[in-house]
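Q: Please see the structure below; I have some questions.
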Amino acid sequence: MCGIVGYIGKRDVAPLLLEGLQRLEYRGYDSAGVVITGKSGVLKTVKAKGRVRELEARIPKRFTGTTGIAHTRWATHGAPNDENAHPHLDADGKVALVHNGIIDNADDLRAKLIADGVEFTSETDSEVVVHLIGRSQADTLEAKVQEALRRIEGTYGIAVMHQDFPDRIVVARNGSPVVLGIGDKEMFVASDVAALVSHTRQVVTLDDGEMATLKADDFRTYTTEGSTTSATPTTVEWEAESYDMGGHDTYMHKEISEQPDAVDRVLRGRIDDRFSTVHLGGLNLDPREARSVRRIKILGCGTSYHAGQIGAQMIEELARIPSDAEPASEFRYRNPVVDPDTLYIAVSQSGETYDVLAAVQELKRKGARVLGVVNVVGSAIARETDGGVYVHAGPEVCVVSTKCFTNTVVAFGLLALHLGRIRDLSVADGKRIIAGLRKLPAQIAEMLEGEAEIEKLAAEYAGAKSMMFIGRVRGYPVAREASLKLKEISYIHAEAYPASELKHGPLALIEPALPTVAIVPDDELLEKNRAALEEIKARSGRILAVAHQVQEKADHTIVVPKNEVELDPILMGIPLQLFAYHTAKAMGRDIDKPRNLAKSVTVE
Ligand code: AGP
């Protein structure tokens, strides 16, 4: 969602900020803006509805300076237009602010400020903050920001410039990421390391309640109450090239093709052949604690929720711990019973999804133990949880998740094996699962080689107005994820049902114009799945099967390599990522930036 970039140093700031904004485009946005301290010391602002390239086109020739902040906005309060785009200025035009997050008491504050004679120029919640800063009588910019923050309720990542304090940018975080990038006599700030890594890999991630003052050759961190905090820079794991398209036509295609390496990474260094188990260094769950877990509840949203559903099945099968997954967005609102013997696991690719973070915070408040299965190292959810497993998929730029989904499911496979071997999973079964995990990278590579065939199938099905996805038990979350992928990027309506539920309702929809994608693994439910195909065929439905062997009743079958039954879901989803990709491509969709969606949903 919204993105922040800022710079203070010696270089010409506008091109740096625009480059940073471009690197944040993947997060989703609808307008953009930039403010710099011009040569005369006056703040200069340019804003534009639409893409960063439209902002760039509006930047005048002499827009030079060495300090500035910029923003990509995802509309929450007020329409996407030039006025509502950030940065916002105070009444005197001396203070500029960019803000990510939501100010919950904005309406109250706005009413009070209007009563005091302040004229608002936008409909945003963010504008109240800049007026509060501008009206503060405190002596320093830091104190003015602190005074304003004391009056606001809600979430924020902010960056502030003040004409009377031209040597600094002040930033603050509460629930919305703020990362400082430390350069050589220059400092950067961003809401996402993607905007920093082409300049520096030395970063400091602020905690909630923390602020920082950035000067060209120095920075300091402190709390919103003013106490100094210690900030040790860490090195970002990924090179700038990891965020480039690398010769592919879309990030989605690049990320799908990276899966053999990504899966290799999540396995690397974790397998312990001696005890037929895995080591998960960051889990913070000793064997005694692991044995005392009586139930596991997995929480995530969208694709991560689907990965959690597969994870729950793996844990239940391999570790025999009753497990289930639930959308974090629902869980946090239903006053759940928090049981001390339940282990909670929060799943998030970005580690920022607000609904997941809020669920974690609610659980922690109630004393639950919460682990994370997260991709982004050091992200809010990773830091909020008591331990967990990083999925090491590498940066995922496309709004729709592919390699992160696969790696998350593999990470659950590792966790299930680990818990299983602490409990009742035999050495022989441990060995069997390890052998299966080791086969995955090569099997994924083999499937990706079949892309041309999948492209042809996608062209055949691209005309459908609606599609049905079915699977049973292990195949059901695979069907749900494949259906989500298709609808996210092609905008074809898609439904996912357990194959077992067909005759309880959705069979009524089956007709030649509604194709069905069926997940048909060679497992103990093969005959049951085949019976579902018969039922569809009898109603003249078209069928595309994803199976371990050609399905007679299907019009087409994508054959996937066989692994251990417990690991089948990892492989069966991959051809359907390519299917969604090629369907969307055949329909001319903007694959990396599907309409109405953002990569990280950091607001309610
Ligand atoms: C993935 O294709 C989706 N864009 C979306 O469902 C996403 O998985 C969801 O918003 C959760 O994001 P997270 O994994 O970063 O928490």
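The values are calculated or read from the model by the stated rules, or taken from the named source; none is laboratory data. All of these numbers come straight from a predicted model, not from anything done at the bench. Cβ placement follows ideal geometry from the backbone for every residue including glycine, while neighbour counts extend to all protein chains displayed. These area figures cover heavy atoms from the full protein model, side chains too; ligands, DNA and RNA do not enter into them. Shrake-Rupley method; radii C 1.70, N 1.55, O 1.52, S 1.80 Å.
Q: Would you confirm whether or not segment 274-290 contains a residue that is farther than 30 Å from residue 203 by Cα, part of a helix (DSSP H, G or I) and hydrophobic (A, V, I, L, M, F, W, C)? Let's see the steps before the verdict.
A: Step one: of segment 274-290, the residues farther than 30 Å from residue 203 by Cα are 274-278, 286-290.
Add one more test, that the residue is part of a helix (DSSP H, G or I), and what stays is 287-290.
Now restrict to residues that are hydrophobic (A, V, I, L, M, F, W, C): 290.
Yes, segment 274-290 contains at least one residue that is farther than 30 Å from residue 203 by Cα, part of a helix (DSSP H, G or I) and hydrophobic (A, V, I, L, M, F, W, C).
Q: Now, a different point. Can you spot a residue in segment 5-15 that is assigned to a helix (DSSP H, G or I), of a type outside the set (Gly, Ala, Ser), closer than 22 Å to residue 192 by Cα and open to solvent by 10 Å² or more (accessible area, probe 1.4 Å)?
A: Initially, segment 5-15 is screened for residues assigned to a helix (DSSP H, G or I), giving 13-15.
Then keep just the ones that are of a type outside the set (Gly, Ala, Ser); that gives 13, 15.
Right, trim to closer than 22 Å to residue 192 by Cα and you get 13, 15.
Those still in the list that are open to solvent by 10 Å² or more (accessible area, probe 1.4 Å) too: 15.
The answer is yes, given that some residue of segment 5-15 is assigned to a helix (DSSP H, G or I), of a type outside the set (Gly, Ala, Ser), closer than 22 Å to residue 192 by Cα and open to solvent by 10 Å² or more (accessible area, probe 1.4 Å).
Q: Would you say residue 543 is touching a residue at least 12 places away in the same chain (Cβ under 8 Å) and open to solvent by less than 10 Å² (accessible area, probe 1.4 Å)? Walk me through how you get there before you give the answer.
A: On the way: touching a residue at least 12 places away in the same chain (Cβ under 8 Å): yes; open to solvent by less than 10 Å² (accessible area, probe 1.4 Å): yes.
Against the criterion (touching a residue at least 12 places away in the same chain (Cβ under 8 Å) and open to solvent by less than 10 Å² (accessible area, probe 1.4 Å)), residue 543 qualifies.
Q: Take the residues in segment 368-380 that are more than 9 Å from the ligand (Cβ to nearest atom) and at pLDDT 95 or above, then tell me which one is surrounded by the most Cβ atoms within 10 Å (Cβ to Cβ).
A: Result: 373.
Q: Sticking with this one: List the pairs whose first member sits in segment 323-352 and is touching a residue at least 40 places away in the same chain (Cβ under 8 Å) and polar (S, T, N, Q), whose second member is in a strand (DSSP E or B) and within 14 Å of the ligand (Cβ to nearest atom), and whose Cβ atoms are under 7 Å apart, counting only residues at least 6 apart or on separate chains?
A: Close Cβ pairs satisfying both conditions: 348/300; 348/374.
Q: Within segment 553-564, can one find any residue that is of a type outside the set (D, E, K, R), buried (at least 20 other Cβ atoms within 10 Å of the Cβ) and within 16 Å of the ligand (Cβ to nearest atom)? Let's see the steps before the verdict.
A: Our first condition is that a residue be of a type outside the set (D, E, K, R); within segment 553-564, this holds for 554, 556-561, 563.
Restricting the remaining residues to those that are buried (at least 20 other Cβ atoms within 10 Å of the Cβ) gives 554, 557-558, 560, 563.
Then keep just the ones that are within 16 Å of the ligand (Cβ to nearest atom); that gives none.
No: zero hits.
Q: In the list 600, 540, which residue meets the criterion of being at pLDDT below 95, small (Gly, Ala, Ser) and closer than 30 Å to residue 359 by Cβ?
A: Details: 540 fails: closer than 30 Å to residue 359 by Cβ.
Answer to the check: 600.
Q: Oh, and also: Please determine, by comparing only the residues of segment 405-447 that are in a helix (DSSP H, G or I), open to solvent by 10 Å² or more (accessible area, probe 1.4 Å) and farther than 15 Å from residue 263 by Cα, which one is nearest to the ligand (Cβ to nearest atom).
A: Initial filter on segment 405-447 (in a helix (DSSP H, G or I)): 405-422, 427-447.
After this cut, where a residue has to be open to solvent by 10 Å² or more (accessible area, probe 1.4 Å) as well, the list is 405, 418, 421-422, 427-429, 431-432, 435, 438-439, 441-443, 445-447.
Checking which are farther than 15 Å from residue 263 by Cα leaves us with 418, 421-422, 427-429, 431-432.
Details: 418: 22, 421: 28, 422: 27, 427: 34, 428: 35, 429: 30, 431: 32, 432: 30 Å.
My answer is 418.
Q: Something else now. Anything in segment 76-103 that is modelled with pLDDT of 90 or more and among the charged types (D, E, K, R)? List them, or say none.
A: Hits for segment 76-103 are 83, 90, 92, 94.
Q: Of all the residues that make up segment 222-264, how many are outside any helix (DSSP H, G or I) and open to solvent by 50 Å² or more (accessible area, probe 1.4 Å)?
A: Of all residues in segment 222-264, those outside any helix (DSSP H, G or I) come to 222-239, 244-250, 258.
Cutting the leftovers down to open to solvent by 50 Å² or more (accessible area, probe 1.4 Å) gives us 225, 227-228, 230, 232-235, 237-239, 244-249.
Of the residues in segment 222-264, 17 are outside any helix (DSSP H, G or I) and open to solvent by 50 Å² or more (accessible area, probe 1.4 Å).
Q: Applying the selection to segment 322-344, what residues are away from the ligand (no atom under 16 Å from the Cβ) and closer than 23 Å to residue 391 by Cβ?
A: Applying the first criterion (away from the ligand (no atom under 16 Å from the Cβ)) to segment 322-344 yields 322-324, 333-343.
Scanning segment 322-344 gives 323, 324, 342, 343.
Yes or no, residue by residue, for (1) open to solvent by less than 10 Å² (accessible area, probe 1.4 Å); (2) aromatic (Phe, Trp, Tyr); (3) within 16 Å of the ligand (Cβ to nearest atom):
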site	(1), (2), (3)
266	yes, no, yes
276	yes, no, no
291	no, no, no
296	yes, no, no
308	yes, no, yes
346	yes, no, yes
359	yes, no, yes
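Q: Mind listing just one residue for me: the one in segment 385-428 that is within 30 Å of residue 367 (Cβ to Cβ) and among the acidic types (Asp, Glu) and, of those, nearest to the chain's Cα centre (by Cα)?
A: So the residue we want is 386.
Q: Is it the case that residue 319 is within 16 Å of the ligand (Cβ to nearest atom) and either farther than 29 Å from residue 364 by Cβ or modelled with pLDDT of 95 or more (or both)?
A: Values: within 16 Å of the ligand (Cβ to nearest atom): no; either farther than 29 Å from residue 364 by Cβ or modelled with pLDDT of 95 or more (or both): yes.
In short, no.
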